[in-house]
1. Does segment 72-83 hold any residues that are without any contact (Cβ under 8 Å) to a residue 40 or more places away in the chain and either assigned to a helix (DSSP H, G or I) or not basic (Lys, Arg) (or both), and which are they?
2. Which of (1) in a loop (DSSP other than H, G, I, E, B); (2) open to solvent by 70 Å² or more (accessible area, probe 1.4 Å); (3) in contact with a helix residue (DSSP H, G or I) (Cβ under 7 Å, 6 or more places away or on another chain) does Arg239 not meet, given it meets every other one?
3. Pairs, please: C-beta under 9 Å, at least 6 apart or cross-chain, first residue touching a residue at least 40 places away in the same chain (Cβ under 8 Å) and in segment 8-25, second in a helix (DSSP H, G or I) and basic (Lys, Arg)?
4. Could you grab me the full set of residues in segment 115-149 that are open to solvent by 40 Å² or more (accessible area, probe 1.4 Å) and not in a helix (DSSP H, G or I)?
5. Please determine whether any residue of segment 269-288 is open to solvent by 30 Å² or more (accessible area, probe 1.4 Å) and at pLDDT 90 or above.
6. So, in segment 192-204, of the ones that are among the small types (Gly, Ala, Ser) and open to solvent by 30 Å² or more (accessible area, probe 1.4 Å), which residue ends up modelled with the highest pLDDT?
Amino acid sequence: MKVRSRVGKLCLLIGVVMGLCTVLALLSSAGAYVSGVGIERRVPLGPLLRQEFKDWYACGVLSLGVLWFCGTNRLDPGRTARWVLGHLAAACLFSFLYVTLTAWLVAGEPSIMNPGQILTFSYLMKKMSLHYFVTNLIMYWLVVFAHLGWVYYRRYRERAIAAADLQRELVEAKLAALRMQLNPHFLFNTLHAISALIHEDPEAADRMVARLSELLRLSLDQSTPQEVPLAEELGFLDRYLEIEQTRFGQRLTIVKQVESGTQEALVPFLLLQPLVENAIRHGIEPREEAGQVGIGAARKNGRLELRITDDGPGLSNNAAHGAKEGIGLSNTRSRLQHLYGEDFQLELSQRPQGGLEARIAIPFRSKELQSKHDAEPVQNPNY
């Protein structure tokens, strides 16, 4: 495969160089022909084209050799003087070979400037060696600097790709660390709930332990991606809510309003659980009467909007202020920022009818749309 790739790159390089020489030969021929028309002298088009193509194709063949030499004589730190001397010697050799090859190819052609004269090898060698030496050196250095520019561009691209890969790995590591912070936080709160029931209602505590084992298995699964479909996230949340409803019984009512078509939207894994946990802890747990927690999802203007509401005391209560600065919410904000940059919203607000609302707005993406996006050529990777 490597040999085939190298052969393909070599063929592409030869095609590009010779194609460029073809264009230059045509332009040079057109310029010479128009110049002859301007001074009212007929320029024979056939000999003109032959000479120009032989001239530029000779330059193209030798330019391939120059590119090969540039690859072997690299401009590395500490080798600048050696690099310059090597190319000065190669430039003189290039000029000699170019004059020799062109003179050999053009010899025998009729002169364009002097009709009736046949160009000879010795005449061409003498004329071109004297008149085109500096031009040949300029052509050589143009090829060298073009190769040098391409080398630096490739290095820039490699560094940019390496930096993007490193940034993506760093973000993934930070997201993994943030997600793992939720596990002991969630585990501690759930075990506390189980301990409160283990003597009062052993059967309920047993059910909670069973659900807890399922939750821990899912939350500790390292193969779970950072983003999952909303339907999967809601399924995980249902297991958590079973634990809380076992704990609170009729005191807790869950109301879901999930808009059709949003279940396939990708959301960060373990996004909803900390928010629902805060709503229950600060909106349901402190009071004796029954309460309600709402979970909503809707698509608006190309974005997925998630809402977690409760009918508790809201922001006026000191505990609510603590929820705003708690581990769950601060962790959620950090994960959203790492995943979406500034393209997200996380707001806590007081509901007019009482209670607190947590609102999240993120770009609406599904697995199907994500797969199409990944299949397209990447121009600006941004994780």
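1. Thr72, Asn73, Asp76, Pro77, Gly78, Thr80, Ala81, Arg82, Trp83
2. Among (1) in a loop (DSSP other than H, G, I, E, B); (2) open to solvent by 70 Å² or more (accessible area, probe 1.4 Å); (3) in contact with a helix residue (DSSP H, G or I) (Cβ under 7 Å, 6 or more places away or on another chain), Arg239 violates only (1).
3. Taking only residues 6 or more apart or on different chains, not a single pair turns up.
4. Of everything in segment 115-149, those that are open to solvent by 40 Å² or more (accessible area, probe 1.4 Å) and not in a helix (DSSP H, G or I) turn out to be Pro115, Gly116, Gln117, Ile118, Thr120, Tyr132.
5. Looking through segment 269-288, none of the residues is open to solvent by 30 Å² or more (accessible area, probe 1.4 Å) and at pLDDT 90 or above.
6. Here the answer is Ser195.
Listed here are the residues, each with its yes/no results for (1) at pLDDT below 75; (2) closer than 30 Å to Ser260 by Cα; (3) not in a helix (DSSP H, G or I).
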{"site": "Arg179", "(1), (2), (3)": "yes, yes, no"}
{"site": "Leu182", "(1), (2), (3)": "yes, yes, no"}
{"site": "His185", "(1), (2), (3)": "yes, no, no"}
{"site": "Thr190", "(1), (2), (3)": "yes, no, no"}
{"site": "Asp206", "(1), (2), (3)": "no, no, no"}
{"site": "Leu215", "(1), (2), (3)": "yes, yes, no"}
{"site": "Thr224", "(1), (2), (3)": "yes, yes, yes"}
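To keep it simple, each residue is scored yes or no on (1) open to solvent by 50 Å² or more (accessible area, probe 1.4 Å); (2) over 23 Å from His147 (Cα atoms); (3) over 41 Å from the mean Cα position of the chain (by Cα).
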position	(1), (2), (3)
Ala25	no, no, no
Leu48	no, yes, yes
Leu62	no, no, no
Val66	no, no, no
Leu93	yes, no, yes
Thr100	no, yes, yes
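The values are calculated or read from the model by the stated rules, or taken from the named source; none is laboratory data. None of the values given here were measured: they were computed from a predicted structure. All Cβ positions, even for glycine, are placed from backbone atoms using ideal geometry, and neighbour counts span all protein chains on display. Remember, those area values only see protein heavy atoms, side chains included, never the ligands or the DNA or RNA. Shrake-Rupley method; radii C 1.70, N 1.55, O 1.52, S 1.80 Å.
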